[in-house]
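Student: One structure, pasted below without further comment.
The values are calculated or read from the model by the stated rules, or taken from the named source; none is laboratory data. This is a predicted model, so every value here is computed, not measured. Glycine also receives a Cβ, built like all others from the backbone with ideal geometry; neighbour counts cover every protein chain displayed.
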Amino acid sequence: MMPVNSSNQEINVSDLLLYINCPRRVYFVNRGFELFSEVTASRLERIILKELSLNYPEIVKECSLNADNLYEELEISLAKVCTDLPLLFPRELACVTKEIFEDGEARARAKLPEIAANLRGALEEFGKEPMLAALTPVKTEPFLSSERLNLKGVPSKLVCFEGAQVPSILKPGSCPQQGVWASDRIHAAAFVMLLEAENGKEVPFAFVEYVSFGLLRRVAVRSTDRREVLKICREVEKIKAGVMPERKEEKFCKECNFSEHCVSESSLMSKFF
Ligand code: SF4
């Protein structure tokens, strides 16, 4: 086993998310392996919907009082996003075929009715002004870092809501019936802690936007979440210093880019230890 390096490498919030998926993924990514090999239609769908969600504030602002035109505005915006996408992600989309692009676009378009219905529902429940406050960034992708936490990261945006500046993260995956997924809670907690370190005052909550559904969830960060962030940070530090974590059979193993190396490195290690 490689010696543990005592000088800490700075940890990124994205390392924490990788760790939650599977600790070994941190090990491989830290050694320069690519997390994704190709852009599939489903990954493209997520990229499109995430990009579309950046236009929600504009769309909500433009929509009529009864939000009748919401769906049309979303459709117009989606078309623009798809036109602009190759300019925004030239490297990632360089090898994407026309078929995959069209498939990704069609998949994203199929989500629009649900997104429109949920945005309309939230507008009716909370009103336009609070919705706009929760969606509109005061800063987009700000860089946050804390020497004390040995952590850095870039939240999707900061918004000003009920007088507080809070982080908001965009999630293109599935959405729980209520609240947020446990991993999203940790993701939000990490940015809350970074923002607190940056601004020197308590950040009461964060937002998680489930962009494939047009749903916005508010999450109050608890001490247990903060404790979990610190715990994972310490584990990631060890992995970055050279410790390879135990291989656990994860639900992601089948579609994991590292499966080949993961098995061979495990059997190699077992020969020596
Ligand atoms: S193959 Fe499984 S255990 Fe190995 S890195 Fe991927 S998800 Fe983790």
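Student: Sort out which residues of segment 213-260 are touching a residue at least 12 places away in the same chain (Cβ under 8 Å) and of a type in the set (Gly, Ala, Ser), and write them in order of number.
Tutor: Gly214, Ala220, Ala241, Gly242 - these are the residues of segment 213-260 that are touching a residue at least 12 places away in the same chain (Cβ under 8 Å) and of a type in the set (Gly, Ala, Ser).
Student: Still on this structure, I have one more. Out of (1) farther than 16 Å from Ser212 by Cα; (2) surrounded by fewer than 19 Cβ atoms within 10 Å (Cβ to Cβ), what's the single condition that is false for Leu85?
Tutor: (2) is the only condition that Leu85 fails.
Student: Now for a separate question. Does segment 17-25 include one or more residues that are surrounded by fewer than 14 Cβ atoms within 10 Å (Cβ to Cβ) and either within 16 Å of the ligand (Cβ to nearest atom) or modelled with pLDDT of 95 or more (or both)? Walk me through it before giving the result.
Tutor: From segment 17-25, those surrounded by fewer than 14 Cβ atoms within 10 Å (Cβ to Cβ) are none; that's our starting set.
For segment 17-25, residues surrounded by fewer than 14 Cβ atoms within 10 Å (Cβ to Cβ) and either within 16 Å of the ligand (Cβ to nearest atom) or modelled with pLDDT of 95 or more (or both): absent.
Student: Check every one of the strands (runs of 3 or more DSSP E) wholly within segment 90-155 and list those with 1 or more residues that are of a type in the set (Ser, Thr, Tyr).
Tutor: Working: elements: 137-140, 144-146, 151-153.
Fully inside segment 90-155 and qualifying: 137-140, 144-146.
Student: Moving on to the next point. In segment 27-50, what count of residues is obtained for those that are under 19 Å from Leu87 (Cβ atoms) and in a helix (DSSP H, G or I)? Working first, answer last.
Tutor: Filtering segment 27-50 down to residues under 19 Å from Leu87 (Cβ atoms) leaves 39, 43-50.
Going one step further and asking which of them are in a helix (DSSP H, G or I), we end up with 43-50.
Residues flagged as under 19 Å from Leu87 (Cβ atoms) and in a helix (DSSP H, G or I) within segment 27-50 amount to 8.
Student: Kindly indicate whether Ser183 is under 17 Å from Arg24 (Cα atoms), under 16 Å from the mean Cα position of the chain (by Cα) and surrounded by 13 or more Cβ atoms within 10 Å (Cβ to Cβ). Give the steps one after another, and end with the answer.
Tutor: Values: under 17 Å from Arg24 (Cα atoms): yes; under 16 Å from the mean Cα position of the chain (by Cα): yes; surrounded by 13 or more Cβ atoms within 10 Å (Cβ to Cβ): yes.
For Ser183, the condition - under 17 Å from Arg24 (Cα atoms), under 16 Å from the mean Cα position of the chain (by Cα) and surrounded by 13 or more Cβ atoms within 10 Å (Cβ to Cβ) - is met.
Student: Residue under question is Val60, and the condition is that it be assigned to a helix (DSSP H, G or I) and under 21 Å from Pro130 (Cβ atoms); does it hold? It would help to see each step written out before you state the result.
Tutor: On the way: assigned to a helix (DSSP H, G or I): yes; under 21 Å from Pro130 (Cβ atoms): yes.
Against the criterion (assigned to a helix (DSSP H, G or I) and under 21 Å from Pro130 (Cβ atoms)), Val60 qualifies.
Student: Can you tell me how many residues within segment 163-177 are in contact (Cβ under 8 Å) with a residue 24 or more places away in the chain, over 22 Å from Glu45 (Cβ atoms) and surrounded by fewer than 17 Cβ atoms within 10 Å (Cβ to Cβ)?
Tutor: Our first condition is that a residue be in contact (Cβ under 8 Å) with a residue 24 or more places away in the chain; within segment 163-177, this holds for 164-175.
Of the ones still in play, those that are also over 22 Å from Glu45 (Cβ atoms) are 164-167.
Next cut, surrounded by fewer than 17 Cβ atoms within 10 Å (Cβ to Cβ) only: 164-165.
Final tally of qualifying residues: 2.
Student: Okay, moving on. Surrounded by 14 or more Cβ atoms within 10 Å (Cβ to Cβ) and either away from the ligand (no atom under 16 Å from the Cβ) or at pLDDT below 95 (or both), is that true of Glu10? Write out each step before concluding.
Tutor: Values: surrounded by 14 or more Cβ atoms within 10 Å (Cβ to Cβ): yes; either away from the ligand (no atom under 16 Å from the Cβ) or at pLDDT below 95 (or both): yes.
Spelling it out, Glu10 is indeed surrounded by 14 or more Cβ atoms within 10 Å (Cβ to Cβ) and either away from the ligand (no atom under 16 Å from the Cβ) or at pLDDT below 95 (or both).
Student: Can you confirm whether Glu73 is among the charged types (D, E, K, R), part of a helix (DSSP H, G or I) and in contact with a Leu (Cβ under 8 Å, 6 or more places away or on another chain)?
Tutor: Numbers: among the charged types (D, E, K, R): yes; part of a helix (DSSP H, G or I): yes; in contact with a Leu (Cβ under 8 Å, 6 or more places away or on another chain): no.
Taking the combined requirement at face value, the residue does not satisfy it.
Student: Of these, Met131, Met193, which one is more than 22 Å from Lys231 (Cα to Cα) and surrounded by 16 or more Cβ atoms within 10 Å (Cβ to Cβ)? Before you say what the answer is, go through the steps one by one.
Tutor: Working: Met193 fails: more than 22 Å from Lys231 (Cα to Cα).
Selected residue: Met131, the only one of Met131, Met193 that is more than 22 Å from Lys231 (Cα to Cα) and surrounded by 16 or more Cβ atoms within 10 Å (Cβ to Cβ).
Student: For segment 26-39, how many residues meet the condition of being surrounded by 15 or more Cβ atoms within 10 Å (Cβ to Cβ) and not aromatic (Phe, Trp, Tyr)? First the steps, then the outcome.
Tutor: First, pick out the residues of segment 26-39 that are surrounded by 15 or more Cβ atoms within 10 Å (Cβ to Cβ): 26-30, 39.
From what's left, not aromatic (Phe, Trp, Tyr): 26, 29-30, 39.
Residues in segment 26-39 being surrounded by 15 or more Cβ atoms within 10 Å (Cβ to Cβ) and not aromatic (Phe, Trp, Tyr): 4 in total.
Student: A follow-up question, please. Are there helices (runs of 4 or more DSSP H) fully within segment 178-273 with at least 1 residues that are more than 16 Å from the ligand (Cβ to nearest atom) and at pLDDT 95 or above? List them. Please lay out each step first, then the result.
Tutor: Numbers: elements: 182-199, 223-240, 259-272.
Here the list reads 182-199, 223-240.
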